[in-house]
1. Does A:T49 satisfy being more than 10 Å from chain B (Cβ to nearest Cβ), in a helix (DSSP H, G or I) and of a type in the set (S, T, N, Q)?
2. Of all the residues that make up the stretch B:90-105, how many are within 7 Å of another protein chain (Cβ to nearest Cβ) and either touching a helix residue (DSSP H, G or I) at 6+ places or on another chain (Cβ under 8 Å) or farther than 16 Å from B:S28 by Cα (or both)?
3. Given the criteria open to solvent by 10 Å² or more (accessible area, probe 1.4 Å) and more than 12 Å from chain B (Cβ to nearest Cβ), does A:S77 qualify?
4. Within the stretch B:12-43, which residues are within 29 Å of B:Y281 (Cα to Cα), assigned to a helix (DSSP H, G or I) and touching a helix residue (DSSP H, G or I) at 6+ places or on another chain (Cβ under 7 Å)?
5. Of everything in the stretch A:152-171, what is touching a residue at least 12 places away in the same chain (Cβ under 8 Å), of a type in the set (A, V, I, L, M) and within 12 Å of another protein chain (Cβ to nearest Cβ)? Give them in sequence order.
6. Hey, among the residues in the stretch B:107-128 that are more than 7 Å from chain A (Cβ to nearest Cβ) and assigned to a helix (DSSP H, G or I), which one's surrounded by the fewest Cβ atoms within 10 Å (Cβ to Cβ)?
7. Provide a single number: the residues in the stretch B:267-282 that are surrounded by 18 or more Cβ atoms within 10 Å (Cβ to Cβ) and within 17 Å of the chain's Cα centre (by Cα).
8. Being within 14 Å of another protein chain (Cβ to nearest Cβ), out of contact with any helix residue (DSSP H, G or I) (no Cβ under 6 Å at 6 or more places or on another chain) and modelled with pLDDT of 95 or more is the requirement here; does B:D9 meet it?
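The values are calculated or read from the model by the stated rules, or taken from the named source; none is laboratory data. In this text, all values refer to a predicted model and were calculated from it rather than measured experimentally. FYI the Cβ positions are ideal-geometry reconstructions off the backbone, even for glycines, and counts take in every protein chain you see. Remember, those area values only see protein heavy atoms, side chains included, never the ligands or the DNA or RNA. Shrake-Rupley method; radii C 1.70, N 1.55, O 1.52, S 1.80 Å.
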Number of protein chains: 2
Amino acid sequence: MEFQIAFNDYLNTINAYLHRMFDDKTGSTYDAMKYSLYAGGKRIRPMITMACCDALGGDKEVALCFGSALEMIHTYSLIHDDLPCMDNDELRRGKPTNHIVFGEHMAVLAGDALLNYACESIVGADLKISPEAKIKALEILYSASGAEGMIGGQVMDIRAEEESISADELVILHNKKTGALINAAASLGAVASGKDKDLFYNYSSSLGLAFQIRDDILDVESDTETFGKPVKSDEKNNKTTYVSLYGIDGAKEMLRIETEKAISSLEFLGDCGKFLTDLAYYLLERKN
Amino acid sequence: MEFQIAFNDYLNTINAYLHRMFDDKTGSTYDAMKYSLYAGGKRIRPMITMACCDALGGDKEVALCFGSALEMIHTYSLIHDDLPCMDNDELRRGKPTNHIVFGEHMAVLAGDALLNYACESIVGADLKISPEAKIKALEILYSASGAEGMIGGQVMDIRAEEESISADELVILHNKKTGALINAAASLGAVASGKDKDLFYNYSSSLGLAFQIRDDILDVESDTETFGKPVKSDEKNNKTTYVSLYGIDGAKEMLRIETEKAISSLEFLGDCGKFLTDLAYYLLERKN
């Protein structure tokens, strides 16, 4: 109950920030950007940034700025991943995907503009931190989302639909595609509070892996209405997943182990680690 | 002759920097990025950055870093503009466009990765400047390339193919689509040498407009082999251009006037403005 209140509080704070940033911006580029940015989502990444920063007693406004920039990058990646030339998905978070509503050309440009705006929003923010800290945040964010991180993971992912990949390659793929941004989320929270960027590395690494395993399980066990996107798509696309490699029970066991690892890495925080612990349990059981 | 030597010197310096940055990077994302980044081009934007910095006696390494990041953004915009869902071009700088060689999905991702890398290359660079100056450079660069700048211009450009636009709208379109990055190039050169970012504003504004008018003229008067991309495409796509609005002679007169305006704005530099003056004349007469 306490967790749910804190969760909603973070969620509302993040959504309010994004609205404050974009509500007064008009024109067709912004319309397409806002459609996907406002489409809901759990805001897990900025929430991790804020919660890591709060656990260390850091400045909430800084974490909110860094985390929201990360959410813009996450959102752009979903818009581009859904394009006909990529995963060709027509449904995302229970709504028609960006290119279905605005056309392919606008979906490409809205994605570009969000990636671009993430940088603008950090460099232009009026925050009580040093320029060095902003540079550090941009370094974490853009190395996580670039060719060595998320984009590299998406390239591997597309190849994984054409040919089956090994268990080791699957780990690398998800480390890049999903894990990089979740690690960045935690690093940004640490940097926002003036601490070492790797302080939450064990937590976020296990959480990122658990997140992906849960996704693979939901693709098999959920339904489209609950999941908010088409289910059974991995099997249809012949994708190598944690379920296809280890079976549904094996995947569930891995998920449990990674969740425990994430939680036990938080011991150094004492009581301040409560929300992050509960968040790991929440993600373990999430339905969408 | 002296100009041509200096021009080639800048060109070689910029190309060498880009190769130093990417040659040792392997994998399919980088292959697609490098294909377009190494495809030649006149490197006008980074050249403006370097020449503005040199005219003020600034640090060449800083200008090279800033200008090359700008060139990455320019290159990503060409890759995305050429996509089938945008201008659907198959030829660029005399070579097959990125999506023709690597497929649409890779062209989208390679473009994304270049936009992303432009930020990485500045934040990660070991330069003799303050973190404030890096933040300033990122602010100039990403506001020029974002929804209010280049991307906004591309959105207008796509609409201009569907409906004819007025002379005023055409100026706004090009101010965003072409002008924003050329203004940014000059601003980055000023900032690289520790001076006010608007020092070259009149020069780069006139140069950007002249550049676009010349492009419209070449589309009518050149041939595909010389121009490096299909000619007569504006007429085919029913595009509003400076030639369609003012006729070929009217466009040539405008081009001459803007070139003169650019040059006369350089008086404050004395002899140090020689290369930038010659560059304006070079662009006036360019064949591709």
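1. Details: more than 10 Å from chain B (Cβ to nearest Cβ): yes; in a helix (DSSP H, G or I): yes; of a type in the set (S, T, N, Q): yes.
When the stated conditions are applied, A:T49 passes them.
2. Here is the first cut: in the stretch B:90-105, the residues within 7 Å of another protein chain (Cβ to nearest Cβ) are B:104-105.
Still in the list and also either touching a helix residue (DSSP H, G or I) at 6+ places or on another chain (Cβ under 8 Å) or farther than 16 Å from B:S28 by Cα (or both): B:105.
Matching residues across the stretch B:90-105 total 1.
3. Working: open to solvent by 10 Å² or more (accessible area, probe 1.4 Å): yes; more than 12 Å from chain B (Cβ to nearest Cβ): no.
Criteria not met by A:S77.
4. B:T13, B:I14, B:Y17, B:L18, B:S36, B:L37
5. If the condition is that a residue be touching a residue at least 12 places away in the same chain (Cβ under 8 Å), of a type in the set (A, V, I, L, M) and within 12 Å of another protein chain (Cβ to nearest Cβ), then A:M156, A:I158 are the ones that fit.
6. Taking the stretch B:107-128 first, the residues more than 7 Å from chain A (Cβ to nearest Cβ) are B:107, B:110-111, B:114, B:118, B:121-122, B:125-128.
Still in the running and assigned to a helix (DSSP H, G or I): B:107, B:110-111, B:114, B:118, B:121-122.
On the way: B:A107: 26, B:A110: 29, B:G111: 30, B:L114: 28, B:A118: 26, B:S121: 19, B:I122: 27.
Per the criteria, the residue is B:S121.
7. Adding up the residues that qualify gives 3.
8. Details: within 14 Å of another protein chain (Cβ to nearest Cβ): no; out of contact with any helix residue (DSSP H, G or I) (no Cβ under 6 Å at 6 or more places or on another chain): yes; modelled with pLDDT of 95 or more: yes.
For B:D9, the condition - within 14 Å of another protein chain (Cβ to nearest Cβ), out of contact with any helix residue (DSSP H, G or I) (no Cβ under 6 Å at 6 or more places or on another chain) and modelled with pLDDT of 95 or more - is not met.
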